[in-house]
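Below you'll find the structure, written out as structure tokens, and then a few comments.
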Amino acid sequence: MDPNTDKDQPTPSDLQASRWLLEQLPELTAKGVISPADAENLRTRYATQAAKSAHPSLVAFVCSLLGGLLVGCGIILIIAHNWNELGHPVRVALSFLPLIVGIGLSGYALRSSSKAWQEGAATFQVLAVGASISLVSQTYHIAGSTASFLLTWFFLALPVVYLLDSVGAAILCLNIAGMYASFAPKETLLNWTLFLAAAAQLYPLWKQGRSTSFRWLFWFSLYGLLFLLFAEATQAGHRIGYLAVGGFLGSCYLLSRHPFFGQPPFGSKRLERLSTSTIEACALLGTFQTTWEFHWANGNTSSVPSLLICLAFPALFLALAAFLLRSGHRFKILFAVFPVCVGLAWLIAEGDFPAISMLFMNIYTVALSISIMIGGFRENSLRTVNEGMGLLGFLAVLRFADSSLDFVIRGGAYILLGMGFLSVNIFFSRIQRKKAS
């Protein structure tokens with residue numbers, strides 16, 4: 001091997017640094033730290049290297065993950081087609097066949113040291129474990145609950161995550177843990193143990209510098225944590241889940257405004273986009289009256305550990321808000337006050353006025369969409385303006401579909417809204433053409 005070959009190949013940390021530098025160039029140029037000419041030279045130097053390194057890893061991850069999922073589901077469906085016509089010995093053999101194939105693929109993937117093979121083999125093997133458990137149980141009519149099946153599946157699939165260093169297997173384990181929490185919400189300690197056992201794969205990904213894989217697992221971990229909160233909220237008490245979810249989303253948004261989350265492996269503004277889009281979706285959900293009539297608790301008892309876990313997130317939000325305000329970090333007010341608005345709506349609903357809570361959240365969502373559009377106009381960003389108009393459009397569709405207004409009035413409102421979208425896009429296109437000329 002040529003000793004100079006490795007020196008020419010960028011390491012994962014070098015690639016992360018390149019991407020981070022490219023993301024910082026506009027701000028450095030605006031502050032006068034470097035000249036526009038120097039910024040263009042740096043962009044030319046590092047853009048090609050970062051682009052070439054990012055796309056293959058993402059393509060390989062997606063292809064291997066989808067490949068493992070499709071092959072595993074295909075084999076399960078083929079076996080299920082003639083299942084009732086087969087005898088018990090044949091059924092048992094076919095039940096273990098996917099698992100044996102998965103073990104063989106995993107062994108080959110470990111010898112080949114190919115990340116794509118490891119992802120595909122690990123994803124297939126996790127599915128094969130679940131299929132084998134289900135088929136054997138069905139063949140011999142083994143009694144058991146859905147929760148016990150999910151728990152067995154998780155513990156048998158978890159070693160695959162770390163043996164094959166797989167992100168896809170970790171994502172599947174997070175989903176299994178979330179489903180188990182929904183079937184066994186009272187098992188607070190076990191639910192959090194399962195979640196942390198699967199999410200712990202984030203640390204080796206961080207150490208290895210696999211930023212793309214890290215981001216994928218990080219996003220799924222956040223959503224897994226959100227659904228785990230739903231399970232805790234059912235044990236915490238009457239409607240306390242609103243405070244937990246609001247505090248969690250508000251904390252995610254405030255964390256995204258800290259410079260630490262703008263650096264590799266998180267990437268610039270990725271956590272912010274994730275948190276803001278989820279806040280927008282939850283704000284739309286809060287515009288329904290039935291949302292505030294929903295009773296989270298199972299029965300009249302309240303679990304103290306679940307109550308403390310749910311209240312920890314609003315407390316975290318308040319602490320982060322105080323820290324960022326004291327440190328002088330900037331953030332968008334209407335996104336940041338989402339937990340406060342949810343808390344006020346919760347108090348109103350607790351007073352047995354769910355209709356007023358619905359009206360309050362409708363007003364908040366309208367204000368949020370307008371603020372997003374105004375921010376887009378100020379930043380000259382068509383994408384941001386369309387995001388605000390899209391949120392307002394979704395709200396209009398939901399409200400008109402939820403009301404008893406005449407069809408002509410609804411149709412006219414939709415036409416006006418559509419004309420507004422087209423007008424804004426035409427306006428921005430003309431401005432961009434003028435700048436280009």
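The values are calculated or read from the model by the stated rules, or taken from the named source; none is laboratory data. Values in this document were obtained by computation on a predicted structure and should not be read as measured data. Cβ placement follows ideal geometry from the backbone for every residue including glycine, while neighbour counts extend to all protein chains displayed. Calculation scope for accessible area: heavy atoms of the full protein, side chains included, ligands and nucleic acids excluded. Shrake-Rupley method; radii C 1.70, N 1.55, O 1.52, S 1.80 Å.
Here are some residues: Phe227, Phe261, Phe195. Which one is touching a helix residue (DSSP H, G or I) at 6+ places or on another chain (Cβ under 8 Å), in a helix (DSSP H, G or I) and at pLDDT 85 or above?
Of Phe227, Phe261, Phe195, the one residue that is touching a helix residue (DSSP H, G or I) at 6+ places or on another chain (Cβ under 8 Å), in a helix (DSSP H, G or I) and at pLDDT 85 or above is Phe195.
Looking at (1) open to solvent by less than 30 Å² (accessible area, probe 1.4 Å); (2) modelled with pLDDT under 85; (3) not β-branched (Val, Ile, Thr), which is the one condition that is false for Ser357?
(2)
Are any of the residues in the range 109-127 open to solvent by 10 Å² or more (accessible area, probe 1.4 Å), of a type outside the set (Gly, Ala, Ser), within 26 Å of Glu187 (Cα to Cα) and at pLDDT 80 or above?
Within the range 109-127 (the criterion being open to solvent by 10 Å² or more (accessible area, probe 1.4 Å), of a type outside the set (Gly, Ala, Ser), within 26 Å of Glu187 (Cα to Cα) and at pLDDT 80 or above), the answer is yes, since at least one residue qualifies.
Taking Ile142 and the conditions (1) part of a helix (DSSP H, G or I); (2) open to solvent by 30 Å² or more (accessible area, probe 1.4 Å); (3) of a type in the set (A, V, I, L, M, F, W, C); (4) modelled with pLDDT under 90, which numbered condition does it fall short on, given that it satisfies the others?
(1) is the only condition that Ile142 fails.
Would you mention how many residues in the range 177-213 are in contact with a Leu (Cβ under 9 Å, 6 or more places away or on another chain) and under 19 Å from Leu163 (Cβ atoms)?
9
In the range 193-219, which residues are in contact (Cβ under 8 Å) with a residue 60 or more places away in the chain and more than 16 Å from the chain's Cα centre (by Cα)?
If the condition is that a residue be in contact (Cβ under 8 Å) with a residue 60 or more places away in the chain and more than 16 Å from the chain's Cα centre (by Cα), then Leu205, Gln208, Gly209, Arg210 are the ones that fit.
Could you give every pair whose Cβ atoms fall below 9 Å, whose first residue belongs to the range 313-334 and is under 17 Å from Glu272 (Cβ atoms), and whose second residue is open to solvent by 80 Å² or more (accessible area, probe 1.4 Å) and charged (D, E, K, R), counting only separations of at least 6 or pairs across chains?
As it stands, the answer is Leu324/Arg330, since those pairs meet every condition given.
Go through the range 158-201 and give me each residue that's crowded, with 18+ Cβ neighbours inside 10 Å and of a type in the set (Ser, Thr, Tyr).
Those that are crowded, with 18+ Cβ neighbours inside 10 Å and of a type in the set (Ser, Thr, Tyr): Ser166, Tyr180, Thr188.
Give the residues of the range 333-354 that are farther than 18 Å from Pro314 by Cβ, modelled with pLDDT under 85 and open to solvent by 50 Å² or more (accessible area, probe 1.4 Å), sorted by residue number.
Asp352
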